[in-house]
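Working notes for the structure below.
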Amino acid sequence: FFFGIADTMSTDDRVEWLSKHDIPVIVNGLVEKLLAARPNDPKEFMAKLLTETTHHHDAMASGQFARTTGANGGTLLLVIDPQNDFHPGGSLAIEGADEDAGRVADFIREHAKSIDEIVVTLDTHQRMHIAHGVFWVDPQGKHPDPFTIISAEDIEKGKWKTTIPEYQGIAANYAKQLEARGKYKICIWPEHCIVGTSGHNVRKPIIDAISTWVDATLKEVRWVTKAESIFTEMYSGLQAEVPTEDRRTQLNTNLVDFIKGFSRVLVCGEALSHCVNFTVRDLMRYYEEGHHKVTVLTDCSTSVAGFENEGQQFLKDMEALGVRLMTSKEAGALLKQ
């Protein structure tokens with residue numbers, strides 16, 4: 001049980017700044033604190049331990065975004081999912097993504113001293129995930145092919161069921177909530193950005209440029225993992241498509257507050273139609289007063305094939321809200337002023 005707590009604390013994206021060597025000390029301190037209270041009921045003890053751990057964890061969660069110059073303005077570069085699997089040779093390759101990555105890398109190198117902070121989100125999946133074929137079977141026991149769309153009606157009529165029967169109710173409810181919220185229906189994606197695989201890694205030109213930025217500024221990069229829950233998609237870097245009781249799916253208020261501290265927020269990455277789209281839409285929802293501070297670098301992001309219209313509609317919607325649309329060259333010229 002205690003190892004489980006330590007593992008949760010050490011893998012949550014919002015506390016990755018914490019040294020793993022500190023975690024056993026923290027857990028031990030929590031246990032000693034509770035033992036001193038001498039709860040009589042073992043169940044009461046476990047409940048209190050979970051509560052104390054959650055409170056302690058949430059207090060630490062703000063740490064990654066606490067040490068910032070953002071409160072005084074400055075420029076933030078938000079790079080969405082710049083991972084190998086979204087680039088040529090990857091399992092969910094986007095045509096044009098390598099060219100996007102090259103422009104992102106050039107932008108970082110050319111304007112390193114003008115970029116005050118960099119936040120990078122990372123799509124972070126298990127193979128067993130509600131948007132992967134292995135999660136589902138048809139009546140003949142066959143898994144769905146990539147890009148199969150599964151609707152709430154399909155599940156209700158038995159066209160698709162979960163491979164693990166206990167997940168059926170969760171998946172059916174999820175599909176209904178997606179459709180009720182006007183979200184994309186469940187899409188079966190090629191397995192991508194699996195933890196521990198090369199596809200999860202950041203594309204080389206971008207990681208090399210980020211390393212150059214660190215050399216120039218001596219600052220840390222803020223890494224934000226997302227989509228770790230197997231029961232919901234999380235296109236947005238801020239919250240899941242359908243948030244659940246799992247804290248990892250809920251609105252990352254620490255990140256939202258961090259972003260609000262900057263006078264200029266530049267957004268790029270993959271894909272325009274999905275993760276860039278929903279990250280910026282969520283940011284607009286929770287940062288209404290800052291729409292004019294956000295810029296999408298239009299030549300540093302491309303839509304998934306077949307979703308080009310969604311990508312263009314996103315840009316139109318954001319421009320109507322006051323978000324700026326610029327190429328990396330145009331944004332770079334502003335930074336030099």
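The values are calculated or read from the model by the stated rules, or taken from the named source; none is laboratory data. Note that this is a predicted model, so its numbers are computed, not measured. Here the Cβ is made from the backbone with ideal geometry for all residues, glycine too, and neighbour counts use every protein chain on show. Surface areas here come from the heavy atoms of the whole protein model, side chains and all, with no ligands, DNA or RNA. Shrake-Rupley method; radii C 1.70, N 1.55, O 1.52, S 1.80 Å.
Per-structure values
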{"item": "Check on Ser211, modelled with pLDDT of 95 or more and either assigned to a loop (DSSP other than H, G, I, E, B) or not small (Gly, Ala, Ser) (or both)", "result": "no"}
{"item": "Matching residues, region 89-106, being more than 10 Å from His192 (Cα to Cα) and open to solvent by 10 Å² or more (accessible area, probe 1.4 Å)", "result": "Gly89, Glu95, Gly96, Asp98, Glu99, Gly102, Arg103, Asp106"}
{"item": "Residues (under 17 Å from Leu122 (Cα atoms) and either modelled with pLDDT under 95 or of a type in the set (D, E, K, R) (or both)) located in region 174-199", "result": "Glu191"}
{"item": "Subset of region 315-337 (residues that are farther than 11 Å from Val267 by Cβ and touching a Leu at 6+ places or on another chain (Cβ under 8 Å))", "result": "Leu315, Glu319, Thr327, Ser328"}
{"item": "Sole exception among (1) surrounded by 15 or more Cβ atoms within 10 Å (Cβ to Cβ); (2) more than 18 Å from the chain's Cα centre (by Cα) for Phe86, by number", "result": "(2)"}
{"item": "Count - residues of region 239-257 that are open to solvent by 20 Å² or more (accessible area, probe 1.4 Å) and not charged (D, E, K, R)", "result": "7"}
{"item": "Qualifying positions in region 274-297 - over 18 Å from Val104 (Cα atoms) and over 13 Å from the mean Cα position of the chain (by Cα)", "result": "Arg281, Met284, Arg285, Tyr286, Tyr287, Glu288, Glu289, Gly290, His291, His292, Lys293"}
{"item": "Candidates Ser236, Ser328 - the one that is open to solvent by less than 20 Å² (accessible area, probe 1.4 Å) and closer than 16 Å to Asp123 by Cα", "result": "Ser236"}
{"item": "Extreme residue, nearest to Ile206 (Cα to Cα), among residues of region 296-316 that are outside any helix (DSSP H, G or I) and in contact with a helix residue (DSSP H, G or I) (Cβ under 6 Å, 6 or more places away or on another chain)", "result": "Ser301"}
{"item": "Selection from region 100-129 of residues that are in a loop (DSSP other than H, G, I, E, B) and of a type in the set (Ser, Thr, Tyr)", "result": "Thr124"}
{"item": "Complete set of residues in region 176-207 that are under 25 Å from Ile259 (Cβ atoms) and open to solvent by 10 Å² or more (accessible area, probe 1.4 Å)", "result": "Arg181, Gly182, Lys183, Tyr184, His200, Asn201, Val202, Arg203, Pro205, Ile207"}
{"item": "Residue within region 213-223 that is under 14 Å from the mean Cα position of the chain (by Cα) and closer than 27 Å to Cys187 by Cα present", "result": "yes"}
{"item": "Evaluation of Asp123 against (1) open to solvent by 10 Å² or more (accessible area, probe 1.4 Å); (2) under 18 Å from the mean Cα position of the chain (by Cα) (one fails), failing number", "result": "(1)"}
{"item": "Some residue of region 75-94 being among the hydroxyl-bearing types (Ser, Thr, Tyr), over 25 Å from Val221 (Cα atoms) and modelled with pLDDT of 95 or more", "result": "yes"}
{"item": "Candidate set from region 130-163 (those that are open to solvent by less than 10 Å² (accessible area, probe 1.4 Å), in a strand (DSSP E or B) and of a type outside the set (S, T, N, Q)); member that is farthest from Ala180 (Cα to Cα)", "result": "Trp136"}
{"item": "Check on Lys260, more than 18 Å from the chain's Cα centre (by Cα), farther than 23 Å from Val202 by Cβ, open to solvent by 30 Å² or more (accessible area, probe 1.4 Å) and of a type in the set (Lys, Arg)", "result": "no"}
{"item": "Condition check for Glu166: at pLDDT 95 or above, part of a loop (DSSP other than H, G, I, E, B) and out of contact with any Asp or Glu (no Cβ under 7 Å at 6 or more places or on another chain)", "result": "no"}
